[in-house]
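This report refers to the structure that appears directly beneath it.
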Amino acid sequence: MASISPPTPAAHAQGPELQQYVGVIRDIHVANLCNVAAAAWLAYDICITFPQEVSLVWRAKWSIPKVLYFLVRYYTLISLLMMLAVANSLTVPVSVSISHLLKDDVETLTT
């Protein structure tokens, strides 16, 4: 019975186009890891400062700074979680994933 040997480095180098795809996939992976870290950090910050936020911000009267605070505070977390859901979903159409997450990268590769 013949043994299967691991592929040689020459088998992986099948042209510059493949290397570009590998680079793009690596960049997407790094971006996803950064998004996970940012979402975790923001969620942790929200959890540890929530009692102060309730007493200082939620009980204050409505004003423009209060609205901006809530928009920045919670929209950022929701946005990060939505990006992660789309980036890691297997059921989202490729056109949605590309158009919202990789638009600039795809345009750079195709021009």
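Here, each number is a calculation from the coordinates, and none is a lab measurement. Just so it is clear, the structure is predicted and the values come from calculations on it, not from any experiment. Quick reminder, even Gly has a Cβ in these numbers, built from the backbone with ideal geometry, and neighbours come from all protein chains shown.
The table below lists the values:
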quantity	calculated
Full-stretch length increase - Glu17, Leu84 - with 0.36 nm per residue and alpha-carbon distance subtracted	21.5 nm
Linear extension gain, Asp45 paired with Leu68, 0.36 nm per residue minus alpha-carbon span	6.5 nm
Estimated FRET transfer efficiency when R0 is 35 angstrom, pair Asn32-Lys61 (beta carbons, to 0.05)	0.30
